[in-house]
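Below: one structure, written as structure tokens.
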Amino acid sequence: MDTDPIPVTVITGFLGAGKTTLLNRILSERHGRRLAVIENEFGEIGVDNQLVIQSDEELFEMNNGCICCSVRGDLIRILGRLLKRKDRLDGILIETTGIANPAPVAQTFFTDDEMRRNFRLDGIVTVVDAKFAATHLDSDDESVKQVAFADVILLNKTDLASPSGLDALEERIRGMNAVASIHRTRDCNVALERVLDIGGFNLGRATEIDPKFLEPEYPFEWAGAYRLPAGSHGLVIGHADGREHSGGHHHHHHGSENELDVAVAPVSALGEAEIAAALDSAVAVFAGPEKRVENGGMVAPGGPLKRLLLDGGNGRFKLEVSEPGHYLVFERCGEEPLHIQVGADTVKPSWQADYHVAHEHSSVSSVGIQQAGELDGKRLNDWISALLRTNGGDIYRMKGVLSVKGATRRLVFQGVHMLFDAKFDRDWGPGPRINTLVFIGRNLNRAALTEAFKACFAA
Amino acid sequence: MQLTKHWAGQLDDYVIDLAWSLDGASLAAASAAGPLTLFGALDGLRRCELPGHDGGSNAIAWKPGSAILASGGQDGAVKLWDAAAGQHAATVPMGPAWVEHLAWRLGGADPILAASAGRKFAFINPDATVRRAFQDAPKTISALAWHPLGGCAAVAYFGGVCLWGADDGAAQREFAYGNGIHALAWSPDGRWLVSGNQDPSVHLWMPGSDVELQMSGYEGKVRHLSFDPGSRWLATSGSQDACVWDCSGAGPEGREPLMLAHEAPVCGVAFQRAHGLLASASQDGALMLWSPERRQPLRATARMPAAAACLAWSHDDSLLAIGTEKAMVYVLRCET
């Protein structure tokens, strides 16, 4: 009763991705610690004198057919038996089959009283085959879930993938799961402190999130501001010296290489408020219908969205401006540079920014909300309860650190599908009380979640 | 009433099962690490030590009317031991899965050992021949219990309970239950079959009729069940109280259970075999004795340095054996 819970690490990943390699690496580097391994395929452990138990991944599925209620019966049985020793184990490693859904594993540690009391789900580590992952993610729902559930993702077998392929894969995975830490590995060669004792399900660490992911997503990847005189100018895609992308942001194509969506909007000044308003109207333009513009055609500021038709990635268009002033140019994506020519001169943008793009190729994504203020406890509870009741099947994981009116301590919570744990941990202390809330799941509606969350603030 | 320490012994690891021999001469204790130890019942002296099972033992049971001890372990085997000679007698391999549950038929013409390993279930003869191997259960077998008259064995798994006939091996009844089951018990008069469940609840069937009852409200899964010899009281774990249901007449539905309070989750309940005392143990090492029918039911309290892993009353109800998580075996004498 007075002993610390035993940490449990779950290793998931597709067949051949390298789960067993990681397992053997952990066992050979952590010899001397009492670890037990629950594996699904027999005889893979190449390290002697280890406590290895084979499991059959027996699912306890409830009559109502709800996956959110399923737990792993074999784990309850095997872990229950592993507790029956005089000296406690130092840790448990659970290797799942390539086709396993991680949800019942995680739910086991949320619902069973004995498991909750004696074990601590430390983290879900997903090993991804860098070469074949894209195919798996396109075709297989379980591999998508394994990525979505992960606390740590190893992009393994990097030697078999191209650098650009790795970049694209990492970006895609980041778009699905913005919270996991991602490591590129060969032979699962990773420092063990990055996969063990990571506290992935530790409520106190729920806010350790890539801050970039908390930024809103936009339908465009880049915007630049240009000061233009009235007249007809050149809008050139490709060909020339091009603009510089800041921060090494990697662009990749959504859709055809010979189409590029742009919008141009006048802006009265380059202040924060003016740009924010222009971003909002550009979002509306990108959400509306598009007008196709042949190479050589004319582009005017304002709606609708212009879909530029390119030739081998290149194109030259006329940008007609009736009033002199600042103009913002928004670009959906582009491997070729965009530049504006006034007469014979290329105009440098006076301001530019890269944006986090909403990914269309995967319906699994992360939504992060960060906002200062105090929440009304009842409203929050009503909202979360209703949300999980109706959308729990689509919400794989959520984490949050929240500021509730009347409470001096942080309310931290952690959930899997419809199950969640919430408790007050430490005092907020001085400084602003900033709420952070993260969802990872399928078909998440960022705008609706954000709006509903804002409605929970205390009056 | 007097509860006194009679003797104590030590194993090499967690005490996973205890069994008093029917002649009252010895107490067998199984360590979770594997070895089986036979203690003299009266003096606590170590009579013999048997190797048990590689990887650990799970369960032990004395064959009625003899000095044969059966054991099941992580090696997927049932073993029979000649306790008088202190020797291994036979091994019955069951497959790769752990042998987790064993029970000898006490009623009926001849002893039959029911044993389960994973989804496999078999009846084994005292000579170690397999009397009957059954079809695999739909899920891992999680509990088994002989009917008190020995006519059938109840076998539980996630999804329900099946009654297998002792003589013809036929499935007599199948009771569906939509969740995991951790314990099974028959009332001594055979009226009730009870499961302790994952959900957490206890479920009661009256196999002679279509009556079934669901009693819920537990804090955690119910892993321990015990009926009093009069078949009235059903003691259950699953909370910080030993929860005792009155199963007389139409059963416990609509009746408030007795809540016998501990200060930590209850980890064991055991009624005496012929008398009415209930022993209950909790995670904090407390052991309490109760008379459920009294207005002041608490009769005695003892405290051990570690939580009880198993409880076993001797056949004459005078001695209570307690095996702890920290490898100790305590035998208490109970005098009323």
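Residues of the range B:302-319 that are touching a residue at least 60 places away in the same chain (Cβ under 8 Å) and more than 14 Å from chain A (Cβ to nearest Cβ): B:302, B:311, B:312, B:313, B:314, B:315, B:316, B:319.
Taking the criterion of being surrounded by fewer than 21 Cβ atoms within 10 Å (Cβ to Cβ) and part of a loop (DSSP other than H, G, I, E, B), the residues of the range B:293-314 that qualify are B:293, B:294, B:295, B:296, B:297, B:304, B:305, B:306, B:314.
Every test in (1) of a type outside the set (Val, Ile, Thr); (2) touching a residue at least 40 places away in the same chain (Cβ under 8 Å); (3) more than 14 Å from chain A (Cβ to nearest Cβ) is passed by residue B:42 save one, and that test is (2). Go through (1) within 14 Å of another protein chain (Cβ to nearest Cβ); (2) out of contact with any Cys (no Cβ under 7 Å at 6 or more places or on another chain); (3) in a strand (DSSP E or B) one by one and return the number of the condition residue B:264 breaks. If we test residue B:264 against (1) within 14 Å of another protein chain (Cβ to nearest Cβ); (2) out of contact with any Cys (no Cβ under 7 Å at 6 or more places or on another chain); (3) in a strand (DSSP E or B), just (3) comes out false. Regarding the range A:254-267, can at least one residue be identified that is at pLDDT 90 or above and more than 18 Å from residue A:339 (Cα to Cα)? There is at least one residue in the range A:254-267 that is at pLDDT 90 or above and more than 18 Å from residue A:339 (Cα to Cα).
Checked against (1) open to solvent by 30 Å² or more (accessible area, probe 1.4 Å); (2) hydrophobic (A, V, I, L, M, F, W, C); (3) without any contact (Cβ under 8 Å) to a residue 40 or more places away in the chain, residue A:153 passes all but condition (1).
Residues checked against (1) open to solvent by 60 Å² or more (accessible area, probe 1.4 Å); (2) under 16 Å from the mean Cα position of the chain (by Cα); (3) away from every other protein chain (no Cβ under 14 Å):
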position: B:104; (1), (2), (3): no, yes, yes
position: B:108; (1), (2), (3): no, no, yes
position: B:117; (1), (2), (3): no, no, no
position: B:120; (1), (2), (3): yes, no, no
position: B:124; (1), (2), (3): no, no, yes
position: B:137; (1), (2), (3): no, no, no
position: B:140; (1), (2), (3): no, no, no
position: B:152; (1), (2), (3): no, no, yes
position: B:155; (1), (2), (3): no, yes, yes
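Restricted to the range A:294-316, and to residues there that are under 23 Å from residue A:279 (Cα atoms) and out of contact with any Gly (no Cβ under 7 Å at 6 or more places or on another chain), the residue that is surrounded by the fewest Cβ atoms within 10 Å (Cβ to Cβ) is A:302. Among residues that are closer than 17 Å to residue A:377 by Cα and either surrounded by fewer than 16 Cβ atoms within 10 Å (Cβ to Cβ) or within 25 Å of the chain's Cα centre (by Cα) (or both), residue A:404 is not included. Of the set (1) assigned to a strand (DSSP E or B); (2) closer than 21 Å to residue B:306 by Cα; (3) open to solvent by 30 Å² or more (accessible area, probe 1.4 Å), all apply to residue B:79 but (2). Within the range B:1-38, the set of residues being part of a strand (DSSP E or B), surrounded by fewer than 21 Cβ atoms within 10 Å (Cβ to Cβ) and not hydrophobic (A, V, I, L, M, F, W, C) comprises B:2, B:4, B:5, B:6, B:9, B:10. Determine, yes or no, whether residue B:42 is surrounded by fewer than 21 Cβ atoms within 10 Å (Cβ to Cβ), more than 28 Å from residue B:305 (Cβ to Cβ) and modelled with pLDDT under 95. For residue B:42, the condition - surrounded by fewer than 21 Cβ atoms within 10 Å (Cβ to Cβ), more than 28 Å from residue B:305 (Cβ to Cβ) and modelled with pLDDT under 95 - is not met.
For every residue, the table says whether it meets (1) within 14 Å of chain A (Cβ to nearest Cβ); (2) out of contact with any Pro (no Cβ under 9 Å at 6 or more places or on another chain); (3) over 12 Å from residue B:225 (Cβ atoms).
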{"site": "B:254", "(1), (2), (3)": "no, yes, yes"}
{"site": "B:270", "(1), (2), (3)": "no, yes, no"}
{"site": "B:279", "(1), (2), (3)": "no, yes, yes"}
{"site": "B:282", "(1), (2), (3)": "yes, no, yes"}
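Note on the range B:315-336: residues that are assigned to a loop (DSSP other than H, G, I, E, B) and polar (S, T, N, Q) total 2. Of the residues making up the range B:267-292, those that are surrounded by fewer than 20 Cβ atoms within 10 Å (Cβ to Cβ) and assigned to a strand (DSSP E or B) number 1. Counting residues in the range B:126-134 that are of a type in the set (Ser, Thr, Tyr) and part of a strand (DSSP E or B) gives zero. Restricting attention to the range A:8-32, the residues that are open to solvent by 50 Å² or more (accessible area, probe 1.4 Å) and either modelled with pLDDT of 85 or more or among the polar types (S, T, N, Q) (or both) add up to 4. Looking only at residues of the range B:190-215 that are within 14 Å of chain A (Cβ to nearest Cβ) and open to solvent by 20 Å² or more (accessible area, probe 1.4 Å), we find that the one that is farthest from residue A:81 (Cα to Cα) is B:214.
Consider residue A:319 carefully, then state whether it is under 21 Å from residue A:230 (Cα atoms) and in a strand (DSSP E or B). Yes: the conditions hold for residue A:319. Of all residues in the range B:82-102, those being part of a loop (DSSP other than H, G, I, E, B), open to solvent by less than 50 Å² (accessible area, probe 1.4 Å) and away from chain A (no Cβ under 14 Å) number 3.
The values are calculated or read from the model by the stated rules, or taken from the named source; none is laboratory data. In this text the structure is predicted, and so the values were computed from the model without any measurement. Because the Cβ atoms are built from the backbone with ideal geometry, glycine has one as well, and the counts that use them run over all protein chains shown. Ligands, DNA and RNA are stripped out before the accessible areas are found, and what is left, the full protein with its side chains, is counted by its heavy atoms. Shrake-Rupley method; radii C 1.70, N 1.55, O 1.52, S 1.80 Å.
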